[in-house]
Amino acid sequence: MKSFYLSTPYEPPTPPYPLPIKVPWALLGGISPQQFMQQHWHKKPLLVRGAIPAFALAKAAGEPLESPISASDLAVLAGHPDSESRLIQSKPWKMARGPFSRKSIPSISQANWTLLLQGADTLHPAAKTVLSWFRFIPDVRLDDLMISVAGPGGGVGPHVDSYDVFLIQMSGRRHWKISTQDDLSLKPNLPLKILAQFEPSQDWVLEPGDMLYLPPHVAHEGISLDAGCQTWSVGFRAASYRELLQEGLWRLAESLDALPTLDRRYQDPQQTATDQPDTLPPELVKQLRTHLKGLKLDSIDTMLPGIASYLSEPKPHAFFSSPDRPLSAKAFAQYLKQSPLHLHPHTRLMRLNETIFCNGENQTEGETLAVKLCWNVLSERHTLPPLGEENSAYLAEIAASNNSLYDAYCSGWLLMAGKNEESL
Ligand code: SIN
Ligand code: CO
């Protein structure tokens, strides 16, 4: 069957666990993740030739590799009702939002268009694997993997992002220009944010397998040089302090429901007759101050569970569906003995000390040791390998009653092996 393909699709390898963060990586141009974080992360760009060496090696051997996802498969994904895509035309600038029918996407040889597919990691296993290479950066910073596919001349114009981004060239060539300019004013009346002035100071043509890392606010423009040029952008978002504190405060306010002492009502047997009935009584202020002190609002530890819970929430458009015929808790434990459990591509996890939040909910509070251990493995590895005979005691605990792991499986947040693709 292989002879039908013009070239072989690249199969991204699953990285080792744990990630070797102290040794040099080809992906980072021969420096370690530790050095990358010290020298470049959130500071300065890095161009890496041959970040994925397989592309140059295959080319030298006369058997060039193609992107793991073909342009036509990307067009199919952009037609999926749950996908988030944009079609951008550059002469003149036009933008449309998906989902798109196959017909509405130009052929790859047509000039001056780009299709952007957001959240490709939730749509295709190869994109998810590429994303997993970057888990030397805290999950909390990760946004998604976006894929652009373009005709010659296609691009989104010169712009700045507030994201750290790794731009991996997966098919065809792209001409990148970057600028250190301070003038970030935009052209008026356009459907996308394009810099009014763009004065590039450096430029490179990226070949398949090359990668460019850009910290936020570096002006850049990438123009496709070939039909079907593909760039995979691994984007890292930072929430604003306002967003984090507001979300933490909302959840903290909700958590007061669980404090029975606050059900008590204000008591004022000592209230004297007042000639200022319109004024908030000083006694009320005094009592509130006492309660407020008890809440320890000035301690970050009070706020962190709410913030961690918020940061583990799935994206707003995420959709989960329960298994058609869920296993009983007992059969679920039997399954875990022999087979692995995976995260649904939209499921998010966040650890705060010993507590693990999944999709906004605390999964470890009040759970058995067995369930806590499983959540720990899931949080670290994003997969739970088969527990085997040696963990029979733990499996018995999981089988004994409903628990957060079983509930998460019943909610479709955790998937049995082979169910990933089905749910994409
Ligand atoms: C692209 O892939 O065309 C655009 C990515 C970016 O500039 O952030
Ligand atoms: Co950009």
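The values are calculated or read from the model by the stated rules, or taken from the named source; none is laboratory data. Small disclaimer: the values here were computed from a predicted structure and weren't measured. For neighbour counting, all protein chains shown are included, and Cβ atoms are generated from backbone atoms with ideal geometry for every residue, glycine included.
Show me the helices (runs of 4 or more DSSP H) entirely contained within segment 317-401 in which 1 or more residues are under 17 Å from the mean Cα position of the chain (by Cα).
369-381
Does Pro68 meet the test of being in contact with a Ser or Thr (Cβ under 7 Å, 6 or more places away or on another chain) and either part of a loop (DSSP other than H, G, I, E, B) or of a type in the set (Ser, Thr, Tyr) (or both)?
No; evaluated as a whole, the condition is false for this residue.
Output the residues belonging to segment 93-135 that are outside any helix (DSSP H, G or I) and either outside the structural domain of Asp73 (by TED's automatic domain parsing) or under 12 Å from the mean Cα position of the chain (by Cα) (or both).
Gln118, Gly119, Phe134, Arg135 - these are the residues of segment 93-135 that are outside any helix (DSSP H, G or I) and either outside the structural domain of Asp73 (by TED's automatic domain parsing) or under 12 Å from the mean Cα position of the chain (by Cα) (or both).
Checking the condition touching a residue at least 24 places away in the same chain (Cβ under 8 Å), of a type in the set (A, V, I, L, M) and more than 15 Å from ligand 2 (Cβ to nearest atom), which residue from Ala60, Ala78 passes?
Criteria check complete, one pass: Ala78.
Can you tell which of Leu212, Leu206 is at pLDDT 95 or above and touching a Leu at 6+ places or on another chain (Cβ under 6 Å)?
Every option except Leu212 fails the conditions.
If you go through segment 176-213 one residue at a time, how many are touching a residue at least 40 places away in the same chain (Cβ under 8 Å), closer than 21 Å to Pro64 by Cβ and away from ligand 1 (no atom under 11 Å from the Cβ)?
Count: 6.
Yes/no matrix, rows are residues, columns are (1) closer than 26 Å to Pro18 by Cβ; (2) at pLDDT 95 or above; (3) assigned by TED's automatic domain parsing to the domain that holds Leu123; (4) in contact with a Phe, Trp or Tyr (Cβ under 7 Å, 6 or more places away or on another chain):
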{"residue": "Phe357", "(1), (2), (3), (4)": "yes, yes, no, no"}
{"residue": "Thr364", "(1), (2), (3), (4)": "yes, yes, no, yes"}
{"residue": "Ala408", "(1), (2), (3), (4)": "yes, yes, no, no"}
{"residue": "Leu424", "(1), (2), (3), (4)": "no, no, no, no"}
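If Ser109 meets every condition in (1) surrounded by fewer than 18 Cβ atoms within 10 Å (Cβ to Cβ); (2) of a type in the set (Gly, Ala, Ser); (3) free of Cβ contacts under 8 Å to residues at least 40 places away in the same chain apart from one, which number is that one?
(3)
Give the residues of segment 334-371 that are free of Cβ contacts under 8 Å to residues at least 24 places away in the same chain and either surrounded by fewer than 16 Cβ atoms within 10 Å (Cβ to Cβ) or closer than 20 Å to Ala417 by Cβ (or both), sorted by residue number.
The answer is Asn353, Glu354, Glu365, Gly366.
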